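The values are calculated or read from the model by the stated rules, or taken from the named source; none is laboratory data. Given the structure is predicted, the values throughout are model-derived calculations rather than measurements. Glycine also receives a Cβ, built like all others from the backbone with ideal geometry; neighbour counts cover every protein chain displayed. Accessible surface is based on the protein model in full, side chains and every heavy atom, while ligands, DNA and RNA are left aside. Shrake-Rupley method; radii C 1.70, N 1.55, O 1.52, S 1.80 Å.
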Amino acid sequence: MPTMKDVAKKAGVSLGTVSRVINHASGIKPTTLAKVQQAIEELNYIPDQYARGLKIQRSMTIALMVPTIWNSFNAEFAYHVEKALDQQGYKMLLCDYDADPKRELDYIQMVKENKIDAIIGITYGDIDKYVDSRLPFISIDRYYKQRVSYVASQNYEGGRMAAAELLKHGARHLAFVGSYNQYPNDTRRRYEGFCDYLKERELPILAIRELEPVASFFPLLDQLFDQHPEIDGLFCNTDTLLYDVWRWCYVRGVEVPQRLQLVGYDGMRQTEHQRLPVSTIAQPIKAMAEMAVKLALDKLENPMMKEKHIFFPVKFVEGFTTKNNRSQDWDKLLKDPMP
């Protein structure tokens with residue numbers, strides 16, 4: 001089995017240079033880097049990540065905490081986090097905490113005990129008092145009392161965009177359907193943006209907005225439409241919820257999009273190369289995941305790094321749940337919602 005010494009000999013460089021290449025050090029000449037990488041490939045040398053971690057006092061592992069992996073957004077986000085970490089020589093430890101705050105705290109404790117290096121968290125539990133500015137913790141959407149870096153899409157602009165697109169597509173009586181968490185997070189601003197857009201145009205605001213968890217939206221939708229049968233456009237605050245509303249429409253005999261137009265939020269994919277065929281406000285999930293990884297690694301390199309709040313732009317992507325222009329290039333839209 002080839003060793004680092006074998007790589008150094010074949011590349012004609014010192015053992016220290018090979019170590020610097022493996023540890024992604026800066027300042028290495030391109031020609032030297034190419035020679036070492038070629039030697040590694042030809043010898044099929046596999047670096048000892050455990051030994052590397054001991055040397056730099058890191059586990060080379062970053063945890064991703066999600067409330068459930070059954071949510072398509074969380075699964076897609078996890079896929080891109082793992083890819084981005086792998087490119088930097090790190091492994092991802094996936095924590096599906098399933099609404100159990102104790103499991104969230106367990107992973108925070110693992111960071112403090114140096115069993116993992118950092119956490120990227122999609123979190124909704126009562127962990128505010130355990131998260132502080134010294135902890136290598138990057139939040140998705142949620143903000144904390146302490147100064148913690150977080151990544152989000154432009155949720156407020158997305159809410160406004162949803163209202164604008166429904167009106168543009170011919171809907172005249174709009175409503176919001178969604179839930180919210182008891183802890184502050186930026187996704188609430190989807191509702192705020194939607195409402196503000198309607199207020200500015202002196203249009204009525206109708207909404208189903210329930211505290212999580214919500215057992216079923218079906219009876220709530222029944223009540224809303226019994227009271228307001230004129231509703232012809234709904235903004236669902238996630239694509240997952242849009243599919244639930246679509247099922248309700250099927251049960252109730254409401255035609256989509258002829259009778260009721262639906263716009264979701266996320267831009268989730270059903271495969272790596274094809275998104276869900278719904279009209280939605282798409283956020284750049286891959287770019288958000290890569291930024292979360294970058295912030296986590298930056299925090300590890302500089303523990304005193306000030307918190308950063310990064311917001312990514314969103315865009316409307318046409319699907320089959322709004323009255324659309326059938327001449328559009330559907331194949332392109334389905335494959336590439338965020339260029």
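Using the heavy atoms of the protein chains alone and a 1.4 angstrom probe, what is the accessible area of the chain per residue in square angstrom? Intermediate results must be reported in sequence, preceding the final value.
On the way: 17320 Å² over 339 residues.
It amounts to 51 Å² per residue over the chain.
With a 1.4 Å probe rolled over the protein heavy atoms of all chains, the accessible area of 138, 205 falls in the order 205, 138, largest first.
In the range 173-232, which GluC sites (Glu not before Pro) fall in coil by DSSP and have 12 or fewer other Cβ atoms within 10 Å? Don't skip to the end; give the middle numbers.
Details: sites: 192, 200, 202, 210, 230; in loops: 202, 230.
Those satisfying the criteria are 202, 230.
Annotation: for a label point projected 7 angstrom from Cα along Cα→Cβ of residue 6, residues of the range 23-45 with backbone N closer than 14 Å are 39-45. The mean sequence distance of close C-alpha pairs (under 8 Å, at least 6 residues apart), as a share of the length of the chain, puts its relative contact order at 16 percent. Here's the list of lysines a cross-link from residue 129 could span, going by alpha-carbon distance under 22 Å and ignoring same-chain residues fewer than 8 apart: 102, 112, 115, 145, 299, 306, 308.
Its relative contact order, with pairs defined as Cα atoms under 8 Å and 6+ residues apart, puts the range 54-192 at 21 percent.
For the chain, which whole-number percentage of the solvent-accessible area (1.4 Å probe, protein heavy atoms only) is attributable to carbon and sulfur atoms? Looking at the chain in its full context, I get 51 percent from C and S. Proximity of backbone amide H atoms, modeled 1.01 Å from N, is registered between residue 206 and 176 at under 5 Å, excluding neighbours fewer than 5 places apart on the same chain. Shown here for the range 242-294: GluC sites (Glu not before Pro) in loop regions (DSSP other than H, G, I, E, B) with at most 16 other Cβ atoms within 10 Å, namely 255, 272.
Rank these by accessible area, largest first, 1.4 Å probe: 309, 228.
Working: 309 90, 228 50 Å².
Sorted descending by solvent-accessible area, the residues read 309, 228.
Ignoring ligands and nucleic acids, what accessible area does residue 188 show with a 1.4 Å probe (Å², nearest 10)? Approximately 70 Å² for this residue. Per residue, the average separation of C-alpha pairs within less than 8 Å and at least 6 apart gives the range 165-283 a relative contact order of 27 percent.
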